[in-house]
Amino acid sequence: MSRKIQIYNTLTRKKEGFNPIIENHVGMYVCGPTVYGDPHLGHARPGITFDIVFRYLKHADYSVRYVRNITDAGHLENDADEGEAKIDKKARLEQLEPMEIVQFYTLSYHKAMESLNCLSPSIEPRATGHIIEQIEMVKKILDNGFAYEINGSVYLDVNKYNEKYPYGILSGRNIEDTLEGTRELDGQSEKKSSVDFAIWKNANPEHIMRWPSPWGEGFPGWHMECSAMSEKYLGKTFDIHGGGMDLVFPHHEAEIAQSNACNNCNPVNYWMHNNMITVDGKKMGKSLGNFINLEEFFTGNHSKLDRAYSPMCIRFFILQAHYRSTLDFSNEALQAAEKGFTKLMNAIETIEKISASENSTYDVNDLELKCYSAMDDDFNTPILISHLFDGVRMINSAKDGKESLSSTDLDKLKSILNTFVREILGLVSEKENNGNNLTNEVMEIILKLRGNAKNNKDFDMADLIREELDKIDIQVKDGRDGSSWELKN
């Protein structure tokens, strides 16, 4: 039976009992990265946060379709409607094709998520693979009278939209506040109002990534991709939409407006947002010199770091704070996390060496109930971890002969640690994690060799590689964005 889970809903600003649209089936969409730079700590937090949600919902017997997008088109600098596209700019600076930039940083992001032991999503669509769906959505919004076209660009008419739907329902902003914050000089913009936002943009001559449309050559607005892809894979209304708190406005607010304007219904029942990461109390940013990418954490190659920190240490550090709380990085905080993680892993090794007693001096069943209660309360990982350390104290006391555990309770405690530490929190020993990463790297090489065989029209070799992998229960999947692999159930 599925558990009674409480989720804090950003839309209603309160905890609500989780009730999926379809019984025991969950649709979850999470905003993934814009792939134009190295993955950093800001990518790690939503990656780990929604990995926990994914893991726990599956553990609670839900069938989960987890969709996480890759933004590879339409995201302009400063989240604005004017300026250069982030990927275009990177491609121009490095004299590469935009898709070379996309591929390089997508692979870097995947490698980082694998190092952090984040499960792959069920579907990972790219904006460039769904241009048709985005154009069709723009057409519907125009037909419904909530948008206008000018000079080859299409804008959502926020004032017109606000006459039927409350604009700002997610962020708590109203149009007057938004106008005050975005007021522009007369004649500075082609938009009817400064609160309007682009759902399709006319491409300037220097814009590299462009597609034909009914309004001329252009590209989709940044917000449009998530509305179109979430509808395609999860339906017009789905259960959970997640992302960082910095996306509440304008991105997620715009998504709600687009979907209402297109389909006349709210797209999401539960909005979830993880909070930000700060560095020594200050917001992380390249201009402040405190921006640290994940590879720098793993190697220690940054002036803010006194040494390298492992992926599992980073994961444990992030899980020590509730996902809705601000998380402040410091070397001291990471060192404390490293000690805590090591203590937890040592206890898991120690429990295998403990001899059972006739009776127990601990209530292990109560510990299990407390662990579930923490996760049922809006995925409260820091409270869960505190309860797990109660289990660690049980193990160490039993090892020292100060307390006792019966055979039944010893097995129960092993099960609790395996369920909550490994299965739900996704924490494994460094040796295990390095082994997983090595497997992933070897499979990347094999898939690359198979791809080269296909490109050289050596289809016999490509088929042979697939067949040999199949014999050892590794399934290869060919898709539009390349090949992937997974272990058979």
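The values are calculated or read from the model by the stated rules, or taken from the named source; none is laboratory data. Just so it is clear, the model here is predicted, and its values are computed rather than measured. Note that we place each Cβ from the backbone using ideal geometry, even for glycine, and neighbour counts take in every protein chain shown.
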Out of all the residues in segment 298-306, is one or more in a helix (DSSP H, G or I) and over 15 Å from residue 416 (Cα atoms)? yes
The lone condition residue 484 fails out of (1) modelled with pLDDT of 90 or more; (2) closer than 25 Å to residue 106 by Cα is (1)
Only one of these is closer than 22 Å to residue 158 by Cβ, surrounded by fewer than 24 Cβ atoms within 10 Å (Cβ to Cβ) and of a type in the set (S, T, N, Q): 213, 230. Name it. 213
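Is it true that some residue in segment 256-270 is among the β-branched types (Val, Ile, Thr) and under 18 Å from the mean Cα position of the chain (by Cα)?
yes
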Checking residue 242 against (1) assigned by TED's automatic domain parsing to the domain that holds residue 382; (2) crowded, with 24+ Cβ neighbours inside 10 Å, which test does it fail? (1)
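Does segment 273-286 include one or more residues that are modelled with pLDDT of 95 or more, within 21 Å of residue 166 (Cβ to Cβ), touching a Phe, Trp or Tyr at 6+ places or on another chain (Cβ under 9 Å) and not β-branched (Val, Ile, Thr)?
Yes - at least one qualifying residue is present in segment 273-286.
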Looking at (1) buried (at least 16 other Cβ atoms within 10 Å of the Cβ); (2) without any contact (Cβ under 8 Å) to a residue 12 or more places away in the chain, find the lone condition where residue 295 falls short. (2)
Name, by its number, the condition in (1) free of Cβ contacts under 8 Å to residues at least 60 places away in the same chain; (2) farther than 24 Å from residue 153 by Cα that does not hold for residue 269. (1)
Evaluate segment 111-119: report whether one residue or more is farther than 19 Å from residue 227 by Cβ, touching a residue at least 60 places away in the same chain (Cβ under 8 Å) and either outside the structural domain of residue 46 (by TED's automatic domain parsing) or of a type in the set (D, E, K, R) (or both). yes
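State whether the residues of segment 153-166 include one that is in a loop (DSSP other than H, G, I, E, B) and on the phi > 0 side of the Ramachandran plot.
No, that holds for no residue.
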Just for strands (runs of 3 or more DSSP E) wholly inside segment 1-110: which have at least 1 residues that are crowded, with 20+ Cβ neighbours inside 10 Å? 6-9, 25-30, 63-68
